[in-house]
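For reference, the structure is listed below as structure tokens.
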Amino acid sequence: MNIDPKSLGKVAVLLGGTSAEREISLMSGGGVLAALQSQGVDAHAFDPAQRELAELKHEGFARCFIALHGRHGEDGTVQGALELLRIPYTGSGVMASAIAIDKVMTKRLWQAVGLPTPKYVTLPRDAQGRERVRTVPDELGLPLIVKPPHEGSSIGVTKVKGYSDMQDAVALAAKYDEVVLCEEFIEGDELTCPVLGEGDSARALPVIRIVAPEGAYDYQNKYFTDVTQYLVPSGLPEAEEREIQRIVVEAYRALGCRGWGRADLMVRGADRQPYLLEMNTSPGMTSHSLVPMSAKAAGMSYEQLCLHIAASAALDS
């Protein structure tokens, strides 16, 4: 679809912010800003950690491209503020953003509509004592994953291989969150699949298969090394890829997402059963990021992708 850059008006690229993912957001936002400007868009950087959002109104911005990650970026709070300011923004609205940032709420909703997600146990602050923590592997098996439910970019995540590692893993996750999420570990292929659009017009982009050293797809390997392999085309059988895309679009619609997003999932090696892990409603847009990689495989350049997302900016109401 051809988009006239001038029709987008004055665009604020929201970047930086106050979350634990600030560093990644600055990288994402810098990439988006350069891409939009290269296409002739009147785009400007805007860091909510350093400026009041109300300034967006005073400075006449017509829309916002949200390149913030994590809390106060993709959790519905910025979206709510922009709704009140009546400035259209990219990505999901208030409710979908608030649900998707919370991996526990996301899993509950997916379970309610019959979508596959790994078994899990939640540990609120008053259930993180040694006695309770050591029973979790009895419920979920080993290895298992321990993570803070409101962080992204693998921050605070541990793969626990033995009972003795549980306490440290829970303590690490608890630094970032009140509640700790413990999740069954799915042994198999790690995949991610972006979605563009809304409702019936939402469509999945090509699936990416992620091959990380020793399976450690952590913060370091996500952003700062070149040892992780991203396979697109994924190399999966065509029917399997199509089924994964179907599930991902269903998961996206179930949460009420719009604009764009990216689902992360595992396919169990033993029986090729896919399991949804999480939905990112403001995915990374750095040089290492996965949505641009998948879009490129579908014939869409980074610049075209940024333009397409910017043009999809909307309000809930």
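Here are the numbers:
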read-out: Solvent-accessible area of Glu198 with every protein chain in place, 1.4 Å probe, in Å² to the nearest 10; value: 100
read-out: Descending semi-axes in Å of segment 17-96, equivalent ellipsoid built from Cα gyration tensor; value: 18, 16, 12
read-out: Full-extension gain in nm, Arg134 to Val211, via 0.36 nm per residue minus C-alpha separation; value: 24.6 nm
read-out: Fully extended contour minus Cα-Cα distance, from Gln304 to Arg108, at 0.36 nm per residue; value: 67.1 nm
read-out: Mean-position separation - Cα centroids, segment 1-68 and segment 149-165, in angstrom; value: 32
read-out: The chain: angle of helix 22-38 to the longest principal axis, Cα-based, in degrees nearest 10; value: 30
read-out: Proximal charge balance of Phe185 [Cβ under 12 Å; K/R count +1, D/E count -1]; value: +1
read-out: Helix axis angle, 302-311 relative to the chain longest principal axis, alpha carbon, degrees; value: 80
read-out: Portion, in percent, of the accessible area of the chain that falls on carbon or sulfur, probe 1.4 Å; value: 51
read-out: log₁₀ of I(q)/I(0) at q = 0.13 Å⁻¹ - segment 131-276, Debye sum with one point per alpha carbon; value: -0.67
read-out: Relative contact order, percent, the chain [alpha-carbon distance under 8 Å, six or more residues apart]; value: 22
read-out: Tensor-based shape of segment 232-317 (alpha-carbon gyration tensor, a/c under 1.5 rounded, otherwise prolate or oblate); value: oblate
read-out: Per residue value of the accessible surface for the chain (all protein chains in place, 1.4 Å probe), Å²; value: 42
read-out: Per-pair calculated FRET efficiency, R0 = 41 Å: Val227 and Asp4 via Cβ, rounded to 0.05; value: 0.50
read-out: Separation of the Ala62 and Lys296 label points, Cα + 7 Å toward Cβ, nm; value: 3.0
read-out: Segment 225-317: trypsin sites (Lys or Arg not before Pro) in DSSP coil with no more than 15 other Cβ atoms inside 10 Å; value: Arg272
read-out: Computed Rg/Rh of segment 58-166, alpha carbon atoms with Kirkwood Rh; value: 1.10
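The values are calculated or read from the model by the stated rules, or taken from the named source; none is laboratory data. Quick caveat: nothing in here was measured; it's all calculated off a predicted structure. Note that each Cβ is placed from the backbone with ideal geometry, even for glycine, and that neighbours are counted across all protein chains shown. The area values use the complete protein model at the heavy-atom level, side chains included, leaving out ligands, DNA and RNA. Shrake-Rupley method; radii C 1.70, N 1.55, O 1.52, S 1.80 Å.
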